[in-house]
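Input: a single structure, listed below in structure tokens.
The values are calculated or read from the model by the stated rules, or taken from the named source; none is laboratory data. Remember, predicted model here, so these are calculated numbers, not experimental data. Ideal geometry is used to build each Cβ from the backbone, glycine not excepted, and the neighbour counts take in all protein chains shown.
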Amino acid sequence: MSVASFIYDNGARRTGTTFGNNLVETRTYRTDNLNDTIKVPNVTDFTYSWDANKRKTAEVDGIVPPVNSQTFGKRPTNPICKMI
């Protein structure tokens, strides 16, 4: 019995996983290779947002009611305190 099997695209990105319990995860990617979605039917449905510097700005799970999301920010470039 296999624990999991994986499918990769021509860019060596993992696009699918079949787990030992027969759940199937699919992943999609943006043209710049960042994750766009990760889905397992009836388990999770993540959608990602990224800024121009390829920093994750949001992660939304469309399965868990109500829709759960996280928003990410960046550290300030001019901190109030500096180490001297």
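If the condition is being over 19 Å from D61 (Cβ atoms) and of a type outside the set (D, E), then segment 18-40 contributes T18, G20, N21, N22, T31, N33. Taking the conditions (1) over 17 Å from V60 (Cβ atoms); (2) surrounded by 13 or more Cβ atoms within 10 Å (Cβ to Cβ) in turn, A12 satisfies each one other than (2). Annotation note: of R14, R27, the sole residue that is under 20 Å from V3 (Cβ atoms), more than 10 Å from the chain's Cα centre (by Cα), modelled with pLDDT of 95 or more and not small (G, A, S) is R14. Here D61 passes the criteria (1) under 11 Å from the mean Cα position of the chain (by Cα); (2) at pLDDT 90 or above except the one numbered (2). In the set (1) of a type in the set (A, V, I, L, M); (2) surrounded by fewer than 14 Cβ atoms within 10 Å (Cβ to Cβ); (3) at pLDDT 90 or above, the condition left unmet by I38 is number (2). What tally of residues in segment 10-50 results from selecting those that are free of Cβ contacts under 8 Å to residues at least 12 places away in the same chain and assigned to a loop (DSSP other than H, G, I, E, B)? Qualifying residue count for the region: 5.
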